[in-house]
Each structure stands twice: as structure tokens, then as C-alpha cells.
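Structure, as C-alpha cells:
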Amino acid sequence: MAPRAAPVLDHPTLPLLKAALPDVSLLAAEFRGQTTVIVPKARLHDAARFLRDDPRCDFNFLSDVVGVDYLNYPAPQPGRFAVVYLLISHQFDRRLRLKVCLDPSRDTSGIEPDPELVVDSVTDLWPGAEWMEREVYDMYGIRFRNHPDLRRILMWKDFPAHPLRKDYPLRGRGEREHYEQLARDSA
């Protein structure tokens, strides 16, 4: 059986992004018609600004920001965590995923902030990213530099962990057992 040729990535934005950031090593992949570009975390903001501002790209809409934990993932990944930005260009009817991979420098089972789990915020480019970045921070503990209001959004302020990390116990660590039970007539 002959070896399969590597698929050709034909997303029209890829050559433009590579030309705009010639000193950056970009990784690109396509799966089910969706193109993903992995950029180094130090150049995320440059890539995002180019994709938004260049009229040949015009990714004017950020539809989502999501976190991913690749702990125990069967295929090797460039980092344990990832932040993925789902971009849409309405003018050209194109979609692109911009991805940043992060490796923690310490044990992730606690709440201690990790200096390696920090990326630049894109709220100055897409103001709608504010709450989405807060959700990624709350659930994964990934912090966003220059975010205007980085605080928990889903869990309470003193919640002792980040519950979407895969090393967080499924039944929790006893957080629910400490609540005061209220009777229906006292509420």
C-alpha cells in the first residue's frame, strides 16, 4: 500500500499570515474542513491583530474563546493546555481557529497561579472576548495579561480550584458539603 500524501492546506489566509509573521514558526492543520493555526503565545496578539486588521483577512468577529486540557490525550500535543480563538470573516465567509498551547511549570491540581499559564488578552481587539476569557480563567486557571476585569465568572470568588482541569476530581473536593442548608420558608 502506498503511503498517503500529506493534505494540502488551502485556506487563503495561511500564506498571508505567514508573510506577515515571517519570523514565527506556525503550525497549521485541517480537520473536517476547519483550519487551525497554532501560534507561539508570545506572538498571539500580533497574529490576532493582523487577522482582524488586514483587509485581505478581515476576521471581524470572534465567536468564541475556549480552553482545552490535553491531559492523557492519546495523541501527542504541543502543550498540556490550549486556548482556542474561533474567528469569522463575514466579508469572505471564512472561519479560522487560532490556537495557543501552554505547558504548566508546576503541579496543576491546586489553585496556585502558574507563571507559564498566561497569554495576552484580545479584549482590545474584540471587546466581546472579555467574558469568554474570564470563563477560561475560571474553569482552567489560564490568566490573560492586560484583561480589564479578570475575575471568576462562574464559580464563587474563593472557589479553591479550576474545575475543568482534568486532574480535578469528578466529585469535587468537598466544596458542596460546606454549604449551609436553607429551609424553603427561610429563603
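The values are calculated or read from the model by the stated rules, or taken from the named source; none is laboratory data. Keep in mind that what you see is a predicted model, and the values were worked out from it rather than measured. Positions of Cβ are backbone-derived with ideal geometry, glycine not excepted, and every protein chain shown enters the neighbour counts.
Counting only residues that are surrounded by fewer than 17 Cβ atoms within 10 Å (Cβ to Cβ) and in contact with a His (Cβ under 7 Å, 6 or more places away or on another chain), which one in the range 31-66 is nearest to Gly128 (Cα to Cα)? In this case the residue turns out to be Phe61.
Filtering the range 103-122 for residues that are modelled with pLDDT of 95 or more and among the basic types (Lys, Arg) leaves an empty set. Being at pLDDT 95 or above and of a type outside the set (D, E, K, R) is the requirement here; does Leu21 meet it? When the stated conditions are applied, Leu21 passes them.
Hey, any hits in the range 132-141 for a residue that's out of contact with any strand residue (DSSP E or B) (no Cβ under 6 Å at 6 or more places or on another chain), outside any helix (DSSP H, G or I) and surrounded by 15 or more Cβ atoms within 10 Å (Cβ to Cβ)? Among the residues of the range 132-141, at least one is out of contact with any strand residue (DSSP E or B) (no Cβ under 6 Å at 6 or more places or on another chain), outside any helix (DSSP H, G or I) and surrounded by 15 or more Cβ atoms within 10 Å (Cβ to Cβ), which makes the answer yes. Within the bounds of the range 110-117, is there any residue that is in contact (Cβ under 8 Å) with a residue 60 or more places away in the chain and either under 22 Å from Asp54 (Cβ atoms) or touching a Lys or Arg at 6+ places or on another chain (Cβ under 6 Å) (or both)? There is no residue in the range 110-117 that is in contact (Cβ under 8 Å) with a residue 60 or more places away in the chain and either under 22 Å from Asp54 (Cβ atoms) or touching a Lys or Arg at 6+ places or on another chain (Cβ under 6 Å) (or both).
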